[in-house]
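What follows is a single structure, written as structure tokens, with notes after it.
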Amino acid sequence: MMSLFKGPMRQHIQGHKELTEHVEAQELKAGEKVYIPLFCGASTNLEVLVQEGDSVCIGTKIAECKERFFVPIYASVSGTVAGIEKRMHASLKPVPHLVIINDGQYKEVASFEPLNYETADRETLIDFMMNAGIIGLGGAGFPAFVKYKFAKDVEKLIINAVECEPFITADYKTIFAQKEEFVTGLMAMKKMAMAKEAVIAIKKTHQDLISFVEEAVKGLDGVSIAAVPDVYPMGWERVLVREIMHKEYDRLPGEVGAVVNNATTAIAFGDALLHGRAIVKKTVTVSGTAVKEPKNVIVPVGMPASEIIAACGGYTEDSVKLIAGGPMMGKTIVNDAFVIDRNMNALTVLANKPYDSISCLRCGKCSDHCPAGLQPVRIAQAVKAADKKTMEKLCAVDCIECGLCTYVCPSRLDVTENVRKAKRQLQLAKK
Ligand code: SF4
Ligand code: SF4
């Protein structure tokens, strides 16, 4: 059963965006090797198309998914395939990675022919999106074409440019840098969704971005901008649909006539349409209180976090908490050997200050703020009591892992971690 929506979803949290917002993004060259995750939307069921010793270029297709809804993966450097290695992935799963020895030549091939979205029909665009390997870049990295293939009676295509996680400015920088790709991608998506309207959601506080996008979409039919409040988690699909359409859905936005995609997904798609380029590079915000030179970097997919942190001056503390993603929804990873995958947009480094948590005050703040309308404290108690029935009754699987319950807890209890545990236990029990 889906939980009811009860949370106020009006929590403003400190953004810290100034650390990287006005610093020029820096392109980093790959090191000796890149390690491309053979992973797509949680699946590792891929057919690898290259062998040890093969030469590849930037843009060579290296793997294809065997499952119906998964999409291909392309090489991010030129060089020689050195084999497959199992490594820890940013999703905290061991995943096979294709190792490519970088020849330093950066030879590039077009991964596919560009396509004019204005003359192509909807089915051709959907197939193109699938073959180009476009995945949703705002979340788990699930192939993007699926929501268009099954789109029906779509009233609004919502392009999410909210970027509500603290510290992260990668989307913001990318929109400024790739205006043409952004507009092309979003207009093609509008056509594929058969949507009456496309709405670009941007935080009210980002007036500069609003003006820039207004100018970029001037004169385009059925495209508007929604200036949304600077609250967390405004970028969550459900919150956006509620804010813009004043509607609630049960499982998927399609139920209320919405398709939601991230702004950088539109940009990646525009890049593919205009230049025949797959997702082989990523803009990543490297920020936080414990990295020397916070900035945005443009890096090849498969570059290890350790090399990126080194290029940002290294850590400023002996003990740090390294997060793949932002501090609220990202995953803390114990070492920096993991690599940048296609759906990643941030590395956050915080000082690892041990703090004392005290016991629960029963203040109810975690329940008041939970955007999914859950009672995190009660779920956490059920986890401690290993009481699966109660976890289920309290709809723990509906947690979106936004991190707010931990953020607002005055006792500094890691409530999110416990709700996450409950969610995993219930998901495992279902399999
Ligand atoms: S992490 Fe889960 S339980 Fe905690 S506030 Fe967010 S949605 Fe609610
Ligand atoms: S916010 Fe923290 S202290 Fe308050 S009820 Fe929730 S777990 Fe307990």
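Each part reduced to its alpha carbon centroid, segment 47-76 and segment 398-425 end up 37 Å apart.
Placing +1 on the Cβ of every Lys and Arg and -1 on the Cβ of every Asp and Glu, with nothing else charged, gives segment 122-275 a dipole about its Cα centre of roughly 260 debye. Per residue, segment 122-275 exposes an accessible area of 36 Å² to a 1.4 Å probe, with every protein chain left in place.
With all protein chains in place and a 1.4 Å probe, the accessible surface of segment 122-275 carries 53 percent carbon and sulfur. The residues packed around Arg342, meaning those with a beta-carbon under 13 Å from its beta-carbon, carry a net charge of +1 if Lys and Arg are +1 and Asp and Glu are -1. Annotation: per residue accessible area for segment 365-430 equals 49 Å², rounded to a whole number [probe 1.4 Å, protein chains only].
For Lys196, a cut-off of 14 angstrom between C-alpha atoms picks up these aspartates and glutamates, skipping any fewer than 8 places away in its own chain: Asp153, Glu155, Asp221. Element breakdown for segment 365-430 at a 1.4 angstrom probe: carbon and sulfur atoms account for 51% of the accessible area.
The dipole here belongs to the chain: it is taken about the Cα centre, uses +1 on the Cβ of Lys and Arg and -1 on the Cβ of Asp and Glu, and is about 1720 debye. Dipole of the chain computed with +1 at Lys/Arg Cβ and -1 at Asp/Glu Cβ about the Cα centre; of Ala30, Leu273, His369, farthest Cα towards the positive end is His369.
Can you give the local net charge around Ala263? Use residues other than it whose beta-carbon is closer than 9 angstrom to its beta-carbon, Lys and Arg +1, Asp and Glu -1. Net charge around Ala263: -2. Take every Cα pair under 8 Å whose residues are at least 6 apart in sequence, average their separation, divide by the length of segment 262-417, and the relative contact order is 19 percent.
Give the relative contact order (percent, whole number) for segment 202-242; include only Cα pairs under 8 Å separated by 6+ residues. The normalised contact order for segment 202-242 reaches 42 percent. Grab the other residues whose beta carbon is less than 12 angstrom from that of Val291, score K and R as +1, D and E as -1, and report the net. Net charge in that neighbourhood comes out at 0.
Toward the positive end of the charge dipole of the chain, about the Cα centre and with charges on Cβ (Lys, Arg +1; Asp, Glu -1), which of Val239, Gly53, Ala382 goes farthest? Sorting the options by dipole projection puts first Ala382. Cross-link partners of Lys321 among lysines, defined as those whose alpha carbon lies under 24 angstrom from its own and excluding same-chain residues fewer than eight positions apart: Lys17, Lys86, Lys93, Lys282, Lys292, Lys295, Lys331, Lys353, Lys421, Lys423. Summarising the strand pairing of segment 122-275, around 5 percent of its internal DSSP beta bridges are antiparallel.
Quick check: Cα centre of segment 211-276 to Cα centre of segment 132-150, how many Å? That distance is 14 Å. Taken over the Cα atoms of the chain, the convex hull encloses 137 Å³ per residue. Lacking any other cysteine beta-carbon closer than 4.7 Å, the following Cys residues of the chain have no compatible partner: Cys40, Cys57, Cys65, Cys164, Cys312, Cys360, Cys363, Cys370, Cys395, Cys399, Cys402, Cys409. If both residues of a DSSP beta bridge must be in the chain, then about 65% of such bridges are antiparallel.
The values are calculated or read from the model by the stated rules, or taken from the named source; none is laboratory data. All figures in this text were calculated on a predicted structure; none of them were measured in a lab. In this analysis, Cβ positions are derived from the backbone assuming ideal geometry, glycine residues included, and neighbour counts consider all displayed protein chains. Keep in mind that these areas ignore ligands, DNA and RNA; they rest on the heavy atoms of the full protein, side chains included. Shrake-Rupley method; radii C 1.70, N 1.55, O 1.52, S 1.80 Å.
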